[in-house]
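One structure below.
The values are calculated or read from the model by the stated rules, or taken from the named source; none is laboratory data. Remember, predicted model here, so these are calculated numbers, not experimental data. Counting neighbours? That spans all protein chains shown, and the Cβs are built from the backbone with ideal geometry, glycine included. Protein only, heavy atoms only, side chains kept; ligands, DNA and RNA dropped before computing areas. Shrake-Rupley method; radii C 1.70, N 1.55, O 1.52, S 1.80 Å.
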Amino acid sequence: TEKYDAGLEKSRTSFSERLNALFANFRSVDEDFFDDLEEMLIEADVGFQTAVALTDALREEVKLKNAKKPEAVAQVIVEKLVDLYGEAGADEDNSLHYAQGEPTVFLFVGVNGAGKTTTIGKLAHQLQAAGKSVLLAAGDTFRAGAIEQLQEWGRRDGVPVVASAAGADPASVVFDAVKQAKQDQVDVLLVDTAGRLQNKVNLMKELDKIKRVIVRELPNAPQEVLLVLDATTGQNALSQAKQFKQTTDISGIVLTKLDGTGKGGIVLAIRNELHVPVKLAGLGEGMDDLQVFDPTKFAYGLFK
Ligand code: GDP
């Protein structure tokens, strides 16, 4: 809870500022009020459809509770938002799936700068701390520096990294990594990839080839294909997610830099419009600032 509280401070502050501004001109709970509320939710990046649906639910609730005074109305709104967030996430599978008795493979996809390498570094650290053996594969052979950056995380975490020279075929790096993971009976293999969304056909081919190489050696893998999205890019992250979803099967989303944005509402938009669960949340730059996504804690961090 502390991590969520600290990491979501910006979102929470900006939400309460917006809410205060809304109540600064409060006259009564009329349609103008709900229009402004809807506007506020859109500005918090919950997405248009979601803002409309939330406003409907909040209108009902305010009526049901017969709230009239601003403090009472504000309380009803906050409580209901927390409920809706938690409730919507209750039947969602936020957990990461691991293989039994063979190496687990997680594939990380996403555009440059989204936080793939950092997420892999943090997760490797946490898995090791939990007693699992980890191997990293530097499958982003395209971006200058990506290989070195992953190797740096490997050194920091004390985790081996399979890499080859820049410009090499990523599938061949992944092939070597999967072989090594099997041979060394590694628990979890984390695979970095290049995210060139501007060339969707190539990206699709590259990811398909990587998956084929993995499946040939480990028929049940990859257990997760995780799309890494930068929360600070707001609605842009949502449209990226839609494009990636068309390109490859995604099992979950990692939402990074939630600490750096006042627009944590993007989580709701992703969930409601993409139907892909958010599985991990990046709440800062430290090793422990990667958390399993918890809808209820998230809602509290955001609104309370
Ligand atoms: P990649 O190109 O997708 O591999 O992205 P990187 O892992 O290199 O991350 C890009 C930048 O975002 C780096 O400066 C990271 O330190 C930063 N970053 C990643 N995750 C988080 C996060 O959860 N919070 C903050 N504040 N920064 C992050």
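Structural remarks
- Each other residue within a Cβ distance under 15 Å of Gln149 adds +1 if Lys or Arg and -1 if Asp or Glu, for a net charge of -1.
- Per residue solvent-accessible surface (Å²) - the range 148-266, probe of 1.4 Å: 43 Å²
- Taking 21 Å as the straight-line reach from the Cα of Lys263, the lysines in range (excluding those fewer than 8 positions away in the same chain) are Lys3, Lys10, Lys80, Lys116, Lys242, Lys279, Lys297, Lys304.
- Approximating the spin labels as points 7 Å out from Cα along Cα→Cβ, the Arg27-to-Val52 distance works out to 2.6 nm.
- Taking every C-alpha pair closer than 8 Å and separated by at least 6 residues, the mean separation divided by the residue count of the range 1-100 gives a relative contact order of 20 percent.
- Accessible area of the chain belonging to carbon and sulfur atoms, whole % at 1.4 Å probe: 48 percent
- Heavy-atom accessible surface of Ser16, to the nearest 10 Å², is about 50 Å², with a 1.4 Å probe and all protein chains retained.
- Accessible surface of Phe48 - all protein chains present, 1.4 Å probe, nearest 10 Å²: 140 Å²
- Tensor-based shape of the range 1-156 (alpha-carbon gyration tensor, a/c under 1.5 rounded, otherwise prolate or oblate): prolate
- Heavy-atom accessible area, probed at 1.4 angstrom with all protein chains present, ranks Met287, Met40, Met204 as Met204, Met287, Met40, highest first.
- Solvent-accessible heavy-atom area per residue, rounded to whole Å², over the range 65-116 at 1.4 Å: 48 Å²
- Overall, the ratio between the Cα radius of gyration of the range 56-146 and 2.2 N^0.38 Å, rounded to two decimals, is 1.79.
- Partner aspartates and glutamates for Lys245 [C-alpha distance under 12 Å; skip if fewer than 8 residues away on the same chain]: Glu273
- Principal axes of the range 158-304: Cα extent on each, largest first, Å: 49, 35, 28
- The candidates Arg155, Arg12, arranged from most to least accessible area with a 1.4 Å probe in the full protein assembly, appear as Arg155, Arg12.
- DSSP beta bridges fully contained in the range 205-304 are about 25 percent antiparallel.
- Counting Lys and Arg as +1 and Asp and Glu as -1 over every other residue whose Cβ lies under 10 Å from the Cβ of Pro295, the net charge comes to -1.
- Here the Karplus relation 6.51 cos²θ - 1.76 cosθ + 1.60, evaluated at θ = phi - 60°, turns the backbone of the range 179-192 into coupling constants of 4, 5, 4, 5, 4, 8, 6, 6, 6, 9, 10, 9, 10, 8 Hz, with x for every Gly and Pro.
- Solvent-accessible area of Leu238 with every protein chain in place, 1.4 Å probe, in Å² to the nearest 10: 10 Å²
- Estimated vicinal HN-Hα couplings, Hz - the range 59-75 in sequence order (Karplus 6.51, -1.76, 1.60; Gly, Pro = x): 4, 4, 5, 4, 5, 4, 7, 6, 7, 10, 6, x, 4, 5, 5, 4, 5
- Theoretical ellipticity at 222 nm over the chain - DSSP helices of four or more residues, -39500 (n - 2.57) apiece, nearest 500: -17000 deg cm²/dmol
- Overall shape: prolate for the chain, with the ratio a/c of the largest to smallest alpha carbon gyration tensor axis at 1.5 or above and a/b above b/c.
- Rounded to whole Hz, the Karplus (6.51, -1.76, 1.60) HN-Hα couplings of the range 149-156, x for glycine and proline: 4, 5, 4, 5, 4, x, 5, 4
- For the chain, share of DSSP beta bridges that run antiparallel, in % to the nearest 5: 10 percent
- Rounded to 10°, Cα long-axis angle of helix 116-129 versus longest principal axis of the chain: 80 degrees
- The range 193-238 and the range 22-57 have Cα centres spaced 36 Å apart.
- Once the Cα atoms are used to define both axes, helix 9-24 deviates from the longest principal axis of the chain by about 20 degrees.
- Using C-alpha pairs under 8 Å with a sequence gap of at least 6, the mean separation divided by the residue count of the chain gives a relative contact order of 28 percent.
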